[in-house]
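Below is one structure, written out as structure tokens; comments come after it.
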Amino acid sequence: MKYVIYILLGILQGFTEPLPISSSGHLFLFKNIFNTDMLNDLNFEIFVNFGSFLAILFIFLPDIIKLLKSFFTYLFKKEKRNLVKHDFKYCLLILVGSIPVGILGVLLKDKLENALNIKLLGIAFLITAISLFLVKNIKGEKEDKDLTVKDAIIIGLLQMVALCPGISRSGIVLVGCLLCRLKKDAALKYTFMLYFPVSIASMGLGVLDFFENPASSSLLPSYVIGMIFAGIVTYFSYRWLSNLVKKGKLWKFSIYCLCLAFFIFIYFR
């Protein structure tokens, strides 16, 4: 039964991680509904987040390799700079978009997480729902190469909002990308390029916590199983999200978040 529960939690993490519905918000909601100590297990959270990270890394690995090659080619091969200048600029814009959330994360992340309660979670889901609905008819025309420093700053500032648990990071960043008139493919790509710096930083802090509170060896098999399921489900969940975004159906998640917000307001009144 213990393995079944960890598998279900891994599936929950994997399904919600790439979707604009907040994985942290769902875990907090389930914790309040079922009152299980497993959802307070920081070590397990580190493992399942790593599973999701590996899945998204696998999906975007060709793009990441191309960008890294272009970045170092621009730095060390002057004769080829003109060939890779757009990719080099894109790398810099990923850094620009990551700076605001990095600064605020260091200063306020723990305070924001500790301040969360179930009522605020309902409000967070409501904000996510409204944000996704507002951009449902926006059609962008910008490609990756058309992204500007101003766009990256705007999107980066919006990503700061997602430090509040319950407000979806992918949802808010997608909203920012669409407001900046990026095409759907370009918006989806930049959203998950920004995922990597944030995720690596979070996992780094998580690993430090892990060594301070090492997992019991008896629980490691459960953690690994949960991580595997989280990774597999994340892969297919992202593919589903990608298809919906390309078809202009991102707004459907706003209905889900709205229903979830109303459920919280009614169930926990």
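The values are calculated or read from the model by the stated rules, or taken from the named source; none is laboratory data. Keep in mind the model is a prediction, meaning the values are calculated, not measured. Quick reminder, even Gly has a Cβ in these numbers, built from the backbone with ideal geometry, and neighbours come from all protein chains shown.
Scanning the stretch 131-154 for residues that are among the polar types (S, T, N, Q) and closer than 19 Å to residue 248 by Cβ turns up 131, 137. For the residues 163, 112, the requirement of being modelled with pLDDT under 90 and touching a Pro at 6+ places or on another chain (Cβ under 8 Å) singles out 112.
Selection of the stretch 60-78 for residues being surrounded by fewer than 16 Cβ atoms within 10 Å (Cβ to Cβ) and among the hydrophobic types (A, V, I, L, M, F, W, C) yields 61, 64, 65, 68, 72, 75, 76. Within this structure, residue 203 passes the test of being surrounded by fewer than 16 Cβ atoms within 10 Å (Cβ to Cβ) and under 18 Å from residue 24 (Cβ atoms). The set of residues from the stretch 233-269 being aliphatic (A, V, I, L, M), assigned to a helix (DSSP H, G or I) and crowded, with 16+ Cβ neighbours inside 10 Å comprises 233, 241, 244, 245, 258, 260, 261, 264. Remark: pairs (first residue in the stretch 151-176, crowded, with 24+ Cβ neighbours inside 10 Å; second residue among the aromatic types (Phe, Trp, Tyr) and assigned to a loop (DSSP other than H, G, I, E, B); Cβ separation under 8 Å; 6+ apart in sequence or on different chains) are absent.
Evaluating residue 129 against the criteria (1) over 14 Å from the mean Cα position of the chain (by Cα); (2) surrounded by fewer than 23 Cβ atoms within 10 Å (Cβ to Cβ); (3) not β-branched (Val, Ile, Thr) leaves one unmet condition, (2). If you scan the stretch 16-35, which residues turn out to be more than 10 Å from the chain's Cα centre (by Cα) and part of a helix (DSSP H, G or I)? Selection gives 25, 26, 27, 28, 29, 30, 31, 32, 33, 34.
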